[in-house]
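Here the structure is laid out as structure tokens; the discussion comes afterwards.
Since every read-out is calculated from the coordinates, none of them should be taken as a lab result. On a predicted model such as this, the values are computed, not experimentally measured, just so you know. In this analysis, Cβ positions are derived from the backbone assuming ideal geometry, glycine residues included, and neighbour counts consider all displayed protein chains.
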């Protein structure tokens, strides 16, 4: 079930990506509507992060192309924002939350201009939106996992883009942060932005997203949530493993005891 | 303080600032030993420059050495990225065989080359005041080294102050940098060229050991004392200057090697910071009941 849209915000055309000749993404072809909250869902190793990295031009493509707003990435870089996985950086780096948020403004500054008062103001506003204004001067290693994730989001907000690509923003964050983030993402959608999120948890996917991409090396489905999060398509995405999973979750659902995939947070 | 003492401390301080500034970025990228690698890998460059030009003119040597220094960082990156060898292993493999190549070249052309490892690797800071620069009219401009290192320092200060944001961002988060259109490869090679230039200009006069000590010691000490990269840059420069002055007088008192004494002071500074740093020292950590030092759970790959 792959549904295409007219005038897409993002078009991925016949995309194949491999690591050292081993294909990770195979012939992915999809389009995304504007003003949507999009979830990329699939098992571990399905190529979810790879898809985002390929869209951002961080990996060489074996075949296919990506168009954003009908143009190449180079032409619209300032309208696109990327939030890497939290674990991908060294949080002991000598930087404050404000320093990190300010990095979101670097793209607008060009080669020589240094961030000044205006950039600082933008970064502070972004920190306020994620509720981190009180931690602006805090060194980033002294923040909890959820707070670090919010700082990463603030950095993306400071970019003031139209399309946001986020790699597992809900991984290892506490419930309060998860709620705060999803509220923020909804506000962003109301403001006309498109947000694409790599997501792990099937339970919450249903309420979070209005468009879902099911991925397992190949594209299984791409379309409105109601039409994609069906048992048949999920079965196809997760293979045999889902039967166990769905039985367990159904059982828990009946008991009104939602499960949630959580990773241990940082000490 | 006589004029010779002044020149030695002044040269040491200039070298210390150059090395510390770059060292801060190197240790944050987990490439601290790149300075060591470059200081060895330039040997074949110096020999080849000599064989081709037939002169021991300082500029030919510098160009030959700097070219090999950059080539060395290119190979390190190449082995790391293309062959998947760990960054530190890649550093080790690259500079040892380049150094060996230099030694072979020297031994093969021994009769024709008025060079030896000593004058390349163990330049002596105490001799700085002996190599003076005179104008045509005979005016004394001070030691030649001071002018060379001073020029390098000027280039570095301009480089870091103009491009601080690029260096900062590519060191912290290369994927995000690439996503907003800042080339991580370009800034890696510019930084490595700067390291190469500094190492080559500095070790000729103060010796390789001191260059490596200054490139790693003061930045590592400053890292224990502050959480702000700008302060870390200033602090490590300051620590380097103090080490140069204190090391000189220690050497004078012991009647020993100046480079050795400066390196020893750097070690003492690090130990003091390790024990007494208000934020990351072991005493402060024990008092706060924080057992785990930072870095302990870092599982990040070395950033390009």
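Counting, for every residue in A:97-104, the Cβ atoms of other protein chains within 10 Å of its Cβ and taking the mean gives 3. Contact order, relative form, for chain A: 26 percent (alpha carbon pairs under 8 Å, 6 or more residues apart, mean separation divided by residue count). Assuming a ≥ b ≥ c are the square roots of the Cα gyration tensor eigenvalues, decide whether chain A counts as rounded (a/c under 1.5), prolate (otherwise, with a/b larger than b/c) or oblate. Here chain A falls in the oblate category. Here is how the number arises for chain A: DSSP H runs of 4 or more residues each give -39500 (n - 2.57), the sum is divided by the residue count, and the result at 222 nm is -10500 deg cm²/dmol. First check a/c for the protein assembly as shown, with a ≥ b ≥ c the square roots of the eigenvalues of its C-alpha gyration tensor; if it is under 1.5, answer rounded, and if not, answer prolate when a/b is larger than b/c or oblate otherwise. Prolate, since a/c reaches 1.5 and a/b exceeds b/c. Note on chain A: antiparallel DSSP beta bridges, both residues inside, total approximately 55 percent of the bridges counted. Take each peptide in B:65-72, A:126-133, A:221-228, count the other Cβ atoms within 10 Å of every residue, and average; sorted highest first, the result is B:65-72, A:126-133, A:221-228.
Under a Gaussian network description of chain B, with springs only between Cα atoms under 10 Å, the residue in B:36, B:227, B:88 that fluctuates furthest is B:227.
Over chain B, with a Gaussian network built from C-alpha contacts below 10 Å, which listed residue (B:26, B:51, B:254) shows the highest mean-square fluctuation? Among B:26, B:51, B:254, the largest GNM mean-square fluctuation belongs to B:254.
Per-residue shielding of A:77-90, expressed as the average number of other chain Cβ atoms within 10 Å of the residue Cβ, stands at 4. If the segment from residue A:117 to residue A:14 were pulled out straight at 0.36 nm per residue, it would be longer than the present Cα-Cα gap by 32.7 nm. Tell me what chain B gives for mean residue ellipticity at 222 nm when only DSSP H runs of n ≥ 4 count, each as -39,500 (n - 2.57), the sum divided by the residue total, rounded to 500 deg cm²/dmol. Calculated at 222 nm, the ellipticity per residue is -24500 deg cm²/dmol.
Taking every DSSP bridge with both residues inside the protein assembly as shown, close to 55 percent are antiparallel. Here is the P(r) of chain B: all C-alpha pair distances, binned every 20 Å from 0, give 32, 57, 10, 0 in whole percents. Quick one: grab the alpha carbon gyration tensor of segment A:106-146, order the square roots of its eigenvalues as a ≥ b ≥ c, and give me rounded if a/c is under 1.5, else prolate or oblate depending on whether a/b is larger than b/c. The shape class here is prolate. Considering only A:184, A:68, A:25, the Gaussian network model of chain A with Cα springs below 10 Å gives its largest mean-square fluctuation to A:184. Taking the C-alpha atoms only, the angle from helix A:241-254 to the longest principal axis of chain A is near 80 degrees.
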